[in-house]
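Down below is the structure, laid out as structure tokens.
The values are calculated or read from the model by the stated rules, or taken from the named source; none is laboratory data. None of these values were measured; they are calculated from a predicted model. We place every Cβ from the backbone using ideal geometry, glycine too, and count neighbours over all the protein chains shown.
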Amino acid sequence: MIDEVEHWLARRSWSADDRPLDLLLAAKRAAGERGTISVVLPALNEEATVGDIVETIRRDLMTPQVPLVDDLVVVDSGSHDRTVQVASAAGARVVLRDSVLPRLPTVPGKGEVLWRSLLVTEGEIVCFVDADLREFDSRFVSGVVGPLLTEPAVRLVKAMYDRPLETGDAAVPAGGGRVTELVARPLLNLHWPRLAGFVQPLGGEYAARRSLLERLPFPVGYGVELGMLVDALGLVGLDALAQVDVGVRHHRHQDGQALGRMAAAIYRTAQLRLARGHLVRPRLTQFDRVEEGFVARTHAVDTEERPPMVEVREYRARRAA
């Protein structure tokens with residue numbers, strides 16, 4: 001298994017610098033309809049960062065000189081700040097989560113937004129980018145779509161990057177990705193060792209062919225990236241998966257309790273795929289200290305998944321039209 005992972009790393013791990021924009025544009029022209037690209041930013045209260053991300057993508061990848069991206073969509077999942085206005089002013093097409101597939105009530109969660117985004121995008125390549133990134137570089141987009149334009153056998157590409165942990169004026173160079181190192185990486189190495197070569201298995205920046213995404217179930221919450229990676233391995237095999245180094249990722253860090261909830265959802269996603277059984281207790285109890293002592297707070301663990309989009313009648317009708 002180690003030999004297989006090393007072989008995969010040598011064949012399916014690249015740098016964004018390996019594919020300059022002129023190469024990508026030539027490959028996109030040659031691909032025709034199969035090379036159309038939609039970029040999706042799932043957003044919830046990201047007014048501080050979403051505008052800069054949209055402006056950077058439009059400036060670098062959506063001009064007459066560099067028409068790499070065809071569609072840039074921010075799917076807002078109920079922001080209470082000015083995310084919608086900022087994203088729209090920056091030039092994104094903004095879609096409200098609750099307006100997509102209205103017959104099906106929405107549930108909270110990032111995976112829910114990504115799943116619904118397939119109904120409001122047209123690109124045969126779909127690229128997802130988290131909306132809380134700072135110092136955003138358009139290589140996060142061009143890097144991960146590159147192999148999908150130039151390597152016909154590749155179906156899904158994850159970004160890999162350095163992820164510093166930044167607290168105030170201090171920064172730990174490799175301190176970010178705590179849930180990745182404590183939960184996701186051990187799970188993958190123990191149960192899906194063929195995926196052990198992914199540097200950032202939980203990263204929110206990746207691209208895939210629509211023909212794959214529409215066949216995948218989507219965990220509605222934090223488990224979506226792990227579930228997608230495991231399910232894609234089962235559907236298309238390791239050689240169809242790849243990763244690209246795009247540099248450094250700067251973003252807002254979650255507090256410890258939020259990380260605990262994220263870890264529980266990721267473990268649940270893995271458990272479901274291992275056993276397809278039922279959780280004994282889909283709840284996570286955490287503790288806050290107050291003046292009187294500790295108070296318990298119990299949160300539901302995401303237990304719902306959306307079916308493959310190709311099974312949704314509205315999506316099939318839209319694609320047929």
Original post:
Regarding VAL120, is this residue more than 15 Å from the chain's Cα centre (by Cα), assigned to a loop (DSSP other than H, G, I, E, B) and at pLDDT 95 or above?
Top reply: yes
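Which of the following residues is touching a residue at least 40 places away in the same chain (Cβ under 8 Å), buried (at least 21 other Cβ atoms within 10 Å of the Cβ), in contact with a Gly (Cβ under 8 Å, 6 or more places away or on another chain) and among the charged types (D, E, K, R): GLU124, GLU112? Break it down into steps so the answer makes sense when it comes.
Numbers: GLU124 fails: buried (at least 21 other Cβ atoms within 10 Å of the Cβ).
Only one candidate qualifies: GLU112.
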Being modelled with pLDDT of 95 or more, assigned to a helix (DSSP H, G or I) and not hydroxyl-bearing (Ser, Thr, Tyr) narrows VAL145, VAL154 down to just VAL145
Per the filter on the range 95-115, residues more than 18 Å from the chain's Cα centre (by Cα) and either at positive phi or part of a loop (DSSP other than H, G, I, E, B) (or both) are VAL100, LEU101, PRO102, ARG103, LEU104, PRO105, THR106
Reported set for the range 48-70 where residues are over 29 Å from PRO108 (Cα atoms), assigned to a helix (DSSP H, G or I) and not charged (D, E, K, R) is LEU61
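Return the residue satisfying two criteria in turn: it lies in the range 49-59 and is over 20 Å from ASP70 (Cβ atoms) and touching a residue at least 60 places away in the same chain (Cβ under 8 Å), and of such residues it is surrounded by the fewest Cβ atoms within 10 Å (Cβ to Cβ). Outline the logic, then answer.
Let us first name the residues in the range 49-59 that are over 20 Å from ASP70 (Cβ atoms), namely 49, 51-52.
Among the residues that remain, those that are also touching a residue at least 60 places away in the same chain (Cβ under 8 Å) are: 49, 52.
Working: THR49: 22, ASP52: 15.
Out of the qualifying residues, it is ASP52.
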Scanning the range 13-42 for residues that are touching a residue at least 60 places away in the same chain (Cβ under 8 Å) and in a loop (DSSP other than H, G, I, E, B), the one farthest from VAL246 (Cα to Cα) turns out to be THR36
Residues of the range 124-141 being touching a helix residue (DSSP H, G or I) at 6+ places or on another chain (Cβ under 7 Å) and either assigned to a loop (DSSP other than H, G, I, E, B) or β-branched (Val, Ile, Thr) (or both), in sequence order, are GLU124, ILE125, VAL126, VAL129, ALA131, PHE136, SER138, VAL141
Check: Condition test on ARG29, is it surrounded by fewer than 18 Cβ atoms within 10 Å (Cβ to Cβ), out of contact with any Lys or Arg (no Cβ under 6 Å at 6 or more places or on another chain), of a type in the set (D, E, K, R) and farther than 27 Å from ASP162 by Cβ?
Finding: yes
Looking across the range 212-271 at residues that are part of a loop (DSSP other than H, G, I, E, B) and at pLDDT 90 or above, the single one that is farthest from the chain's Cα centre (by Cα) is GLY237
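Hey, any hits in the range 82-94 for a residue that's in contact (Cβ under 8 Å) with a residue 60 or more places away in the chain and either part of a helix (DSSP H, G or I) or over 30 Å from ASN189 (Cα atoms) (or both)?
Step one: filter the range 82-94 for residues in contact (Cβ under 8 Å) with a residue 60 or more places away in the chain, giving none.
Scanning the range 82-94 turns up no residue that is in contact (Cβ under 8 Å) with a residue 60 or more places away in the chain and either part of a helix (DSSP H, G or I) or over 30 Å from ASN189 (Cα atoms) (or both).
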Within the range 126-145, residues among the charged types (D, E, K, R) and touching a Ser or Thr at 6+ places or on another chain (Cβ under 7 Å) come out as ASP132, ARG134
Of the conditions (1) in a helix (DSSP H, G or I); (2) surrounded by fewer than 18 Cβ atoms within 10 Å (Cβ to Cβ); (3) of a type in the set (S, T, N, Q), the single one that ASN45 does not satisfy is (1)
